[in-house]
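A quick write-up on the structure given underneath.
Each value in this text was obtained by applying a stated rule to the coordinates, not by laboratory testing. A quick note: this is a predicted structure, and the numbers were derived from the prediction, not measured. Here Cβ is always computed from backbone atoms with ideal geometry, including for glycine, and neighbour counts include all displayed protein chains.
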Amino acid sequence: MSRILSIGAGVMGTAITIPAVSNGHEAKIVGTSLDEEIIDSINKNSVHPKLNVQLTNTSALLFNQMTQEDIDNSDVIVIGINSSGIDWFIELIKNFKVVNKKFLIVTKGLYMNEKKELDIFPNKIKNEIKQDLSLTAVTGPCKAIELAKKNLTNICFVNSDLDTAINLANIFKNDYYVIKSQSDLLGAELCAALKNVYAIAVGYSQTYFSKEEKIFNPESALFSHCVNEMSHLVTLMGGLPETVFSLSGLGDLHVTSGTGRNGLLGNLLAKSRTYDDIINKELKNETVEGAQTIKDLEHLFKKLVKDHKLPILENLVLCICQNEKLNIPWKDLNI
């Protein structure tokens with residue numbers, strides 16, 4: 001039996017423990033300061049209030065109750081916080097000895113490293129914690145509620161050491177959680193973050209062209225253009241292009257643009273709205289991962305669109321950072 005310690009009591013940090021528990025392992029959920037109600041519900045009723053599913057062989061505690069013993073007894077530590085909490089997670093883990101521990105990261109995001117270059121969260125974690133640890137990324141199309149209800153979910157475990165990815169996959173995989181193990185960590189993590197950005201554009205096309213009836217042609221075309229632009233970026237950064245055209249890229253973009261806050265932002269932008277207007281009304285106090293990535297990395301994205309042909313990204317930056325109405329430059333896309 002393996003012990004799973006998941007830091008972050010949100011829907012994904014909790015949902016990913018469910019297939020492991022189904023396989024006979026046990027889980028412990030660690031909540032942030034915002035998760036008190038969730039932790040109480042798990043401990044009292046064995047129910048996650050947002051997922052509304054019964055949890056078995058699962059305990060819970062708040063982050064300030066976590067001890068070195070919890071770390072030492074864990075076989076896998078899940079990084080299950082959202083992207084805005086990555087610095088909080090790093091500062092928390094610095095208080096513990098985690099040498100040789102195996103981490104599974106479901107948090108998606110990019111950052112600017114010390115060289116002022118675009119980089120992935122696993123590198124940020126390793127560089128700042130400064131302990132010898134192993135990081136495996138979970139990427140691909142996955143809605144937490146569907147996984148929690150044990151609906152078929154096909155994703156990737158990615159580690160530059162393929163054997164580590166395979167060994168961790170063996171703890172979690174089963175009939176409803178189907179895992180492909182891969183080694184292109186850079187490409188997979190770039191896709192995991194960039195798909196949130198491009199899902200805004202796909203979401204826009206789902207609404208903008210549908211007036212009296214649902215129109216599918218523009219959405220399908222723009223989806224293809226977004227995948228191609230993602231491929232250009234991933235290849236430029238040193239990832240493998242085939243990763244983009246797999247579960248980590250194309251597959252994840254499909255589910256993210258169809259549901260969730262990134263696609264919803266695109267839907268609302270299609271009604272001739274501005275980003276500031278939407279983020280202060282319908283999406284107030286919500287974390288829209290794609291928009292946050294654009295705002296956090298505005299300088300780097302502007303440099304990328306200046307040096308390379310990335311018309312969709314260019315217009316998304318103008319929309320999110322300069323509050324311009326989103327425009328899809330169809331003529332530029334078809335050159």
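Calculate the length of the line joining the C-alpha centroid of segment 113-137 to that of segment 276-298, in whole Å. After rounding, the separation between the Cα centres reads 25 Å.
Evaluated on the chain, the Kirkwood hydrodynamic radius is 20.4 Å, with distances taken between all distinct Cα atoms. Straight Cα distances below 27 angstrom link K149 to the lysines K28, K44, K50, K102, K108, K173, K180, K195, with same-chain residues fewer than 8 positions distant left out. For the pair segment 1-45 / segment 234-267, the C-alpha centres are spaced 27 Å from each other. Shown in residue order for segment 13-25 are the 3J(HN,Hα) couplings computed by the Karplus curve 6.51 cos²θ - 1.76 cosθ + 1.60 at θ = phi - 60°: x, 8, 4, 5, 6, 4, x, 5, 5, 4, 8, x, 8 Hz (x for Gly and Pro). Counting every Cα pair in segment 3-183, what percent are over 25 Å apart? Across segment 3-183, Cα pairs with separations above 25 Å total 28 percent.
Provide the convex hull volume over Cα atoms per residue for segment 277-335, in Å³.
On the way: hull volume 5.0 nm³, N = 59.
For segment 277-335, the hull spanned by Cα atoms encloses 84 Å³ per residue.
Of the residues V21, T58, V158, the one whose Cα sits farthest toward the positive end of the charge dipole of segment 3-183, with +1 on the Cβ of Lys and Arg and -1 on the Cβ of Asp and Glu, is V158.
Roughly what percent of Cα-Cα pairs across segment 187-333 reach past 19 Å? Let's see the in-between values first.
On the way: 5002 of 10731 pairs.
The answer is 47 percent, as a whole percent.
Excluding T274 itself, what net charge comes from residues whose Cβ is under 13 Å from its Cβ, given Lys and Arg +1 and Asp and Glu -1? My count for the surroundings of T274 gives 0.
Per residue of the chain, the DSSP helices (runs of n ≥ 4 H) give a summed -39500 (n - 2.57) that works out to -14000 deg cm²/dmol at 222 nm.
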